[in-house]
């Protein structure tokens, strides 16, 4: 076996490959620096435009990984790697992973839609995906909520996007819908004046739109009044609970009864036993 000349080895393999590796490293390092500068500039631009924090993080993360992929491919090309075959391999691997993770990809797609179209944002009180609570965070695969009793609920994004979404915080005002029944023997004009007075005395009830107090139905056992004041969304529950308490207190003080379901039970009396025959 012939001995390899060190000079030939150096000129044929070491120097050319050393230059290629050095250039590949330079491309990779400079590419990472350029990617960081570009992503930082885009992030600052979106923040100045007032875009949602979750959307900014998501878009910059996707941008960073896509640009880094191009940098890696450029560095491998400098080493003489056939990037066409590499891209085909990555495509085949992506297809296999996609088939294996169909459910996760569905949640991923739903997460993209939620972040882009933003039917709700952090801090909103919503009902979605079978859960009700305040939105804490929106990630790519799941959305985290905190329920009114301080439980953390993690809902897959696919479940949210495939069902109705009710955003209670989307509007500044809400209407409180209440029904109060009185007896048929009570004075309906007096009851209506009491209900209107309770709403007028509550500073949280908005003047516009004007609150409604109307006789809504002549039910089987009661005369039902519809009471519908408008309030700020943050005052909804407090006004609902306080109004219920105030109505019960005033009705009791004014002698107006609030009917409740009753049942009359008729028990047949047993037939009177025949008197015993008198002794002979």
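The values are calculated or read from the model by the stated rules, or taken from the named source; none is laboratory data. None of these values were measured; they are calculated from a predicted model. Positions of Cβ are backbone-derived with ideal geometry, glycine not excepted, and every protein chain shown enters the neighbour counts.
Points worth noting:
- Some residue of region 15-23 being surrounded by 12 or more Cβ atoms within 10 Å (Cβ to Cβ), modelled with pLDDT under 85, in contact with a helix residue (DSSP H, G or I) (Cβ under 8 Å, 6 or more places away or on another chain) and in a helix (DSSP H, G or I): yes
- Evaluation of residue 174 against (1) out of contact with any helix residue (DSSP H, G or I) (no Cβ under 7 Å at 6 or more places or on another chain); (2) closer than 30 Å to residue 111 by Cβ; (3) assigned to a strand (DSSP E or B) (one fails), failing number: (1)
- Matching residues, region 184-203, being surrounded by 15 or more Cβ atoms within 10 Å (Cβ to Cβ) and part of a loop (DSSP other than H, G, I, E, B): 186, 202
- Qualifying positions in region 131-146 - crowded, with 16+ Cβ neighbours inside 10 Å and in a strand (DSSP E or B): 131, 133, 134, 135, 138, 142, 143, 144, 145
- Residues located in region 116-130, provided they are surrounded by fewer than 17 Cβ atoms within 10 Å (Cβ to Cβ) and touching a residue at least 12 places away in the same chain (Cβ under 8 Å): 116, 118, 119, 122, 123, 127, 130
- Residue match in region 148-168 (condition: surrounded by fewer than 17 Cβ atoms within 10 Å (Cβ to Cβ) and either in contact (Cβ under 8 Å) with a residue 60 or more places away in the chain or assigned to a helix (DSSP H, G or I) (or both)): yes
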